[in-house]
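Down below is the structure, laid out as structure tokens.
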Amino acid sequence: MSDDSWSVAADLVSSFLKKPARMSHLQERIPSRWEPGRRRACQSLLFGTVRHLRLLEKALDEFLRKRPKPGLWSCLLVASRELMEQPERSAKIVHNAVSQIGGRYSKAEKGLANAVLRKVAKRLPELLAMEVSSPEDLAWRYSHPQWLVSRWLEQMGLEATRAFLRWNQSEAGVFARWQGEPDVLPELTPLEERPGFFSLESGAWEKISSYIEAGRLYVQNPAASIAPRLLVESVRVGRFLDLCAAPGGKSLLMEKLAGAGVDEIVSVDLAGPRYQKMVGNFERYEAKRIKPLAADVFELSAESRGLFDGVLLDAPCSNSGVLQHKIDARWRQTPESLRSIVSLQGKLLAAASKLVKPGGSLVYSTCSIDDEENAGVVDAFLQSEAGTCFMLERSERSLPWRDRMDGAGVFLLRKRLA
Ligand SMILES: C[S@@+](CC[C@H](N)C(=O)[O-])C[C@H]1O[C@@H](n2cnc3c(N)ncnc32)[C@H](O)[C@@H]1O
């Protein structure tokens with residue numbers, strides 16, 4: 001690894017520790033003038049360190065009386081991540097890290113780093129081999145907040161929780177589908193079990209980016225197709241409404257799947273950069289039936305917009321089904337924020353239900369595997385006054401460790417005719 005990609009990774013880890021920013025924001029700070037291989041190496045070190053943070057911290061803490069200042073701490077974490085990934089290169093990794101640290105800090109700190117990293121190199125394989133089962137141990141071993149681990153243990157039991165944690169810690173794949181005319185590209189392997197979707201060979205991004213820019217290929221996880229498919233299969237004609245639509249992936253898929261009987265798809269999100277990105281996507285992919293609308297779901301009314309034959313509500317959620325690639329999201333949730341998300345989801349579903357025609361469909365979806373955000377919200381809605389004229393027709397769930405794609409909960413509700 002080149003010296004500057006190592007030290008930029010250490011600086012970005014340090015920024016993350018100060019404030020768990022979105023990884024996409026940190027990634028933007030990797031110099032764009034670097035050649036792709038160097039950028040990838042820096043990014044992989046940054047992501048690997050953040051993904052395994054608690055495990056790396058535990059390994060280091062065992063050999064330190066107290067944690068050193070933040071800059072040095074980040075260097076130790078980055079070096080430990082390298083040791084975890086390539087134990088066979090431990091002598092070289094320690095040598096490189098110690099010389100980087102020597103260039104930045106005092107002689108004593110260099111000595112400390114040397115001693116600690118040598119011990120960590122031996123300890124990490126032992127920690128990785130441990131078969132753990134308590135919430136405390138699972139939390140450090142798989143680097144997740146303990147309250148989330150406890151919650152999942154309660155909802156799904158030990159085996160599923162462990163499989164889920166392992167999944168979240170594995171490298172995320174990149175998936176795509178053709179929105180425009182398909183082509184045959186060697187970098188894209190068709191997913192047999194998810195027709196229409198392809199997995200992208202790692203490192204092939206540069207080769208496919210021109211297809212994305214040309215509005216032909218759209219990067220999307222196969223789990224994102226469940227909700228659009230359920231809606232399109234349940235309603236063949238009329239008008240669709242996609243609430244909470246930005247950046248527009250599900251609207252685009254509805255546009256592709258919907259037959260000629262569907263006249264328009266109104267795609268709503270709050271005004272702002274995400275909305276602008278969605279509008280740009282619709283233009284780039286030449287989605288002629290989609291009409292973007294900057295609006296708050298709570299301010300839409302049947303009087304001003306009419307009623308819709310099919311409504312999709314892809315609600316904001318805790319992101320628990322996408323933690324494999326949104327590796328920072330686990331650290332941004334708290335029990336309180338989860339409670340307020342569930343409450344918002346319930347209110348959004350009630351508001352969405354007012355825009356459905358009698359006999360029409362309402363699809364509620366999240367990219368969470370959490371019961372409360374999925375069945376919990378839908379059950380509470382069906383028991384509420386707004387929900388009395390709806391019935392649950394179908395539901396699908398994607399569990400990442402079972403289905404090898406993002407997690408999702410999708411519920412198809414039908415509004416009674418009278
Ligand atoms: C899960 S994301 C949507 C992803 C999108 N459906 C896709 O597939 O590309 C949730 C979206 O809900 C939007 N949102 C949250 N509250 C809203 C509200 N009150 N009105 C409209 N949009 C809202 C957020 O801006 C965010 O873009």
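What follows is calculated from the coordinates using simple rules that are stated; it is not laboratory data. As the structure is a prediction and not an experimental result, all values here were calculated from the model. So basically every Cβ, Gly included, is an ideal-geometry build from the backbone, and we count neighbours across all protein chains shown.
Taking 0.36 nm per residue of sequence separation and removing the Cα-Cα distance, the SER340/ALA115 pair yields an extension gain of 76.4 nm. The simple spin-label model puts a point 7 Å past each Cα toward its Cβ; for ARG332 and LYS69 those points are separated by 3.1 nm. For the pairs LYS250/LYS291; LYS69/LYS107; LYS256/LYS277; LYS250/LYS326; LYS326/LYS347; LYS250/LYS277, flag any whose C-alpha to C-alpha distance is greater than 23 Å. The pairs that break the limit, which is 23 Å between Cα atoms, are LYS326/LYS347. Straight-line reach from LYS58: which aspartates and glutamates have Cα under 14 Å away, leaving out those fewer than 8 places along the same chain? Filter leaves GLU126, GLU136, ASP137. For the chain, the extents of the C-alpha atoms along the principal axes are 78, 45, 38 Å, listed from largest to smallest.
Once the gyration tensor of the Cα atoms in segment 3-130 is diagonalised, the equivalent ellipsoid follows with semi-axes of 22, 16, 15 Å, ordered largest first. Gain on full extension, evaluated as 0.36 nm per residue between TRP34 and ASP61 minus their Cα-Cα distance, stands at 6.3 nm.
The gain in end-to-end length when the LYS107 to ALA214 segment is fully stretched comes to 33.1 nm, 0.36 nm per residue minus the alpha carbon separation. At 1.002 mPa s and 20 °C, plugging the Kirkwood radius over alpha-carbon pairs of segment 175-219 into Stokes-Einstein gives what diffusion coefficient in µm²/s? Result for D is 205 µm²/s.
Pairs of Cα atoms in segment 1-61 fall into 10 Å distance bins, from 0 up to the last occupied one, in shares of 22, 55, 21, 2 percent.
Working note: Cα gyration tensor of segment 131-170, eigenvalues times five, square-rooted, sorted largest first, giving semi-axes of 12, 11, 9 Å. With Cα atoms defining each centre, segment 74-130 and segment 371-418 are spaced 48 Å apart in the structure. Decide, for segment 222-415, between rounded, prolate and oblate: order the square roots of the alpha carbon gyration tensor eigenvalues as a ≥ b ≥ c, take rounded if a/c falls under 1.5, and otherwise choose prolate if a/b is larger than b/c, else oblate. It is rounded, given that a/c, with a ≥ b ≥ c, falls under 1.5.
Look at the Cα gyration tensor of segment 52-194: its axes a ≥ b ≥ c give a/c of at least 1.5 with a/b at or below b/c, and that counts as oblate. Give me the one-decimal nm value for the distance between modelled label points at GLU193 and SER44, 7 Å along each residue's Cα-to-Cβ direction. Output for this residue pair reads 2.6 nm.
Only helical DSSP H runs with n ≥ 4 go in: add -39500 (n - 2.57) per run for the chain, normalise by residue count and round the 222 nm mean residue ellipticity to 500 deg cm²/dmol.
Counting only the DSSP helices, I get -15500 deg cm²/dmol.
Within the straight-line cut-off of under 16 Å between alpha carbons, the lysines reachable from LYS415 are LYS354, LYS357, sequence neighbours fewer than 8 places apart in one chain being disregarded. Modelled spin-label separation between LYS92 and LYS347, with each label point placed 7 Å from Cα along the Cα-to-Cβ direction: 5.6 nm.
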